[in-house]
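The structure appears right after this line, and notes come after that.
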Amino acid sequence: MYVWSKPLVLGLVLALALLEVMFFLLIGEEGESQLHVRTTQWIIANYVLLMVWIFVWMYDQARVRGKNVWLWALPYVLFPLPTLAFFIFRLQRRIV
């Protein structure tokens, strides 16, 4: 059973992009940021831990399907979100 669907993945990618745009707009253009240092540290910590958790999920999904997840490690470090989306679409291909 596949839990992820293409519309769900695309919706989540678009939602994340929208949230990132909102985050960068809060930084401000006139030098002073409207975000506190602690808030920024929490955002970075949560992002890094989320990336680790997602990579563990990718490892598990690849192991279940008999694929090699280590081929995806470098692209995931450089471009996490597009790599995750492509990984999900790739695993959902039907093998004929």
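The values are calculated or read from the model by the stated rules, or taken from the named source; none is laboratory data. The model shown is predicted, which means the values in this text are computed figures rather than measured ones. Here the Cβ is made from the backbone with ideal geometry for all residues, glycine too, and neighbour counts use every protein chain on show. These area figures cover heavy atoms from the full protein model, side chains too; ligands, DNA and RNA do not enter into them. Shrake-Rupley method; radii C 1.70, N 1.55, O 1.52, S 1.80 Å.
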Yes/no for residue 62 being closer than 23 Å to residue 20 by Cα and either modelled with pLDDT of 85 or more or under 16 Å from the mean Cα position of the chain (by Cα) (or both): no
Sole exception among (1) assigned to a helix (DSSP H, G or I); (2) open to solvent by 100 Å² or more (accessible area, probe 1.4 Å); (3) at pLDDT 80 or above; (4) of a type in the set (D, E, K, R) for residue 67, by number: (1)
Residues satisfying the stated conditions in region 13-31, i.e. outside any loop (DSSP other than H, G, I, E, B), modelled with pLDDT under 75 and either of a type outside the set (A, V, I, L, M, F, W, C) or open to solvent by less than 90 Å² (accessible area, probe 1.4 Å) (or both): 23, 26, 27
Count of region 83-93 residues which are within 12 Å of the chain's Cα centre (by Cα) and without any contact (Cβ under 8 Å) to a residue 12 or more places away in the chain: 2
